[in-house]
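These notes are about the structure you will find just below.
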Amino acid sequence: MRQDTYDSPYLCRVLGKQHDRRRFDCGVPILNDYLARIAGQDVRRKAAAVFVLSPADDERCVAGYYTLCSTSVELTGLPQSLAKRLPRYPDVPGILIGRLARDIAFPGVGSLLLADALLRCIRIADEVAATLVVVDAKDDSARGFYAMHGFLDLPKIANRMFLPISTAERLVQETEP
């Protein structure tokens, strides 16, 4: 989500000291608190990578953020239609979008955040194997958002959804200018 590549009024960068995390308000206290108090620790401990979306003309402002970390899903937990096309390892490697939130003052940037996250996941999967992008849908609204973007339910894990990395690659190719 680089301004020069997408001619976007937003920039997405790694969380830094310049970002004003305390003013972020997505309407969900636990997600606000995570960004304000815990995200920096997670980055330092390598527990999660945190990316922040800011208006290009105000990089201190946090319009939204998301986190990425590695994960895996049991092969037997995937729909049979996908599992039969994968190697017979017990676990399938994936990338977890652990949190994704937008400030209530920036409606519509959720899809930009997800697009940036998917682009990063695709690049990461080229260097470190990942077959899936996984998300935890915290409520019905989040489930609807992810489903609208092609994510499918993981049958054996409540609130967890996935998107095959190959589907993410096709989605990105379809939307590239």
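The values are calculated or read from the model by the stated rules, or taken from the named source; none is laboratory data. These numbers were taken from a predicted model, which means no experiment stands behind them. Cβ: placed from backbone, ideal geometry, glycine included. Neighbour counts: every protein chain shown.
Table: residues versus (1) crowded, with 19+ Cβ neighbours inside 10 Å; (2) modelled with pLDDT of 95 or more; (3) among the charged types (D, E, K, R).
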| site | (1), (2), (3) |
| --- | --- |
| Leu78 | yes, no, no |
| Ser81 | no, no, no |
| Ile95 | yes, yes, no |
| Gly98 | yes, no, no |
| Leu132 | yes, yes, no |
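Look through the stretch 164-177, keep the residues that are touching a helix residue (DSSP H, G or I) at 6+ places or on another chain (Cβ under 8 Å), at pLDDT 90 or above and not acidic (Asp, Glu), and return whichever of them is nearest to Pro79 (Cα to Cα). Talk me through it step by step, then tell me what you get.
Our first condition is that a residue be touching a helix residue (DSSP H, G or I) at 6+ places or on another chain (Cβ under 8 Å); within the stretch 164-177, this holds for 164-165, 168-169, 171-172, 175, 177.
With at pLDDT 90 or above added as a condition, the list becomes 164-165, 168-169.
Pick out the ones that are also not acidic (Asp, Glu) and you get 164-165, 168.
Values: Pro164: 11, Ile165: 15, Ala168: 17 Å.
Taking the candidates together, the pick is Pro164.
Is it the case that Ala147 is surrounded by fewer than 19 Cβ atoms within 10 Å (Cβ to Cβ) and in contact (Cβ under 8 Å) with a residue 40 or more places away in the chain? Here the answer is no, as Ala147 does not meet what is asked.
If only residues of the stretch 8-54 that are among the aliphatic types (A, V, I, L, M) and in contact (Cβ under 8 Å) with a residue 60 or more places away in the chain are counted, the one that is nearest to Arg99 (Cα to Cα) is Leu31.
In the stretch 150-177, what residues are in a loop (DSSP other than H, G, I, E, B) and surrounded by fewer than 19 Cβ atoms within 10 Å (Cβ to Cβ)? Walk me through it before giving the result.
Residues of the stretch 150-177 in a loop (DSSP other than H, G, I, E, B): 150-151, 154-159, 176-177.
Residues satisfying the conditions are Gly150, Pro155, Lys156, Ile157, Ala158, Asn159, Glu176, Pro177.
When you check Val134 against the structure, is it over 22 Å from Val52 (Cα atoms) and not acidic (Asp, Glu), yes or no? Reasoning before the result, please.
Values: over 22 Å from Val52 (Cα atoms): no; not acidic (Asp, Glu): yes.
So Val134 does not fit the description; no.
For the stretch 59-76, a residue qualifies if it is modelled with pLDDT of 95 or more and charged (D, E, K, R), and exactly one does: Arg60. Within the bounds of the stretch 146-154, is there any residue that is at pLDDT 95 or above and under 22 Å from Leu15 (Cβ atoms)? Looking for residues that are at pLDDT 95 or above and under 22 Å from Leu15 (Cβ atoms), one finds none in the stretch 146-154, hence no. Within the stretch 131-147, the residues that satisfy the criterion of being hydrophobic (A, V, I, L, M, F, W, C) and in contact with a helix residue (DSSP H, G or I) (Cβ under 9 Å, 6 or more places away or on another chain) are Leu132, Val133, Val135, Ala137, Phe145. Is it true that some residue in the stretch 56-75 is over 23 Å from Leu35 (Cα atoms), free of Cβ contacts under 8 Å to residues at least 60 places away in the same chain and not acidic (Asp, Glu)? There is at least one residue in the stretch 56-75 that is over 23 Å from Leu35 (Cα atoms), free of Cβ contacts under 8 Å to residues at least 60 places away in the same chain and not acidic (Asp, Glu).
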